[in-house]
Amino acid sequence: MANQIVLLDFDGVLADTLDDMLRFAEAVCSKLGFSRIPTLEDLDALDRMEFAEFGRRLELPEDKIQDFVRDSFQMFSQRETPPRLFEGMGDVVIQLSVASKIGIVSGNTSSVIRRFLDYYGLTRYVNIVLGADTPCSRP
C-alpha cells in the first residue's frame, strides 16, 4: 500500500503545452479583438500559471478575462490529440506509483488531463486529478 503522496503539475511537467499555450492565447486574444502576441517572457513572469493571470499579464481588460479563460480551455479540450508527454515522464509516473499515491494538480481542466492520461496509458497510475474545474484552490 502506498504511504507517500506525490503531486505533479500537468503543464510543463508531464505535458509539453508551451507552444499550445502561446498559440491558443494569441488566437483567443485575436478573437477578443486584441492584437497582443503572447511570449515566453509573459509566461515566465507569472507567479501562478492560471489562465486568468495569463490574460491579465497580456493586459486584457478585466471584463474580457473570463472570456479568455473559457476560450483557452475550449481550445485545449478541442485539440485533436493530447499534447506531447515529456520523454521519460511516463516511466517516472509508473515507478513512483509503486510506492506512492500520485496526484496531478493543474491550472488546466480535469477532462484535458484525463484524456492525456488515457492517451498515454497512465490513467491507472494516477489516483486523483485536481484540475482548474475542481472546486478547490490549487495551493
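Structure data summary
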{"item": "Close pairs from segment 41-67: first over 21 Å from Asp133 (Cβ atoms) and modelled with pLDDT of 90 or more, partner open to solvent by less than 20 Å² (accessible area, probe 1.4 Å) and of a type in the set (Gly, Ala, Ser), Cβ under 7 Å, at least 6 apart", "result": "Leu58/Ala25"}
{"item": "Residue in segment 114-122 that is touching a Pro at 6+ places or on another chain (Cβ under 8 Å), assigned to a loop (DSSP other than H, G, I, E, B) and more than 22 Å from Glu53 (Cβ to Cβ) present", "result": "yes"}
{"item": "Residues located in segment 75-92, provided they are surrounded by 13 or more Cβ atoms within 10 Å (Cβ to Cβ) and charged (D, E, K, R)", "result": "Arg79, Arg84"}
{"item": "So Val92, is it β-branched (Val, Ile, Thr) and farther than 12 Å from Asp9 by Cα", "result": "yes"}
{"item": "Meets criteria (farther than 23 Å from Asn3 by Cα and either of a type in the set (Phe, Trp, Tyr) or open to solvent by less than 80 Å² (accessible area, probe 1.4 Å) (or both)) for Ser97", "result": "no"}
{"item": "Residue in segment 17-31 that is among the small types (Gly, Ala, Ser) and open to solvent by 50 Å² or more (accessible area, probe 1.4 Å) present", "result": "yes"}
{"item": "Residue in segment 78-87 that is of a type in the set (Val, Ile, Thr) and modelled with pLDDT of 95 or more present", "result": "no"}
{"item": "Pair list, Cβ under 9 Å, 6 or more apart: segment 9-37 residue touching a residue at least 40 places away in the same chain (Cβ under 8 Å) and more than 19 Å from Tyr120 (Cα to Cα), other residue crowded, with 18+ Cβ neighbours inside 10 Å and basic (Lys, Arg)", "result": "none"}
{"item": "Hits in segment 93-105 - residues which are in a helix (DSSP H, G or I) and within 10 Å of Leu122 (Cβ to Cβ)", "result": "Val93, Ile94, Ser97"}
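The values are calculated or read from the model by the stated rules, or taken from the named source; none is laboratory data. Every value quoted in this text rests on a predicted model; they were computed, and no experiment measured them. Neighbour counts are summed over all protein chains in view; Cβ atoms, including those assigned to glycine, are modelled from backbone coordinates with ideal geometry. These area figures cover heavy atoms from the full protein model, side chains too; ligands, DNA and RNA do not enter into them. Shrake-Rupley method; radii C 1.70, N 1.55, O 1.52, S 1.80 Å.
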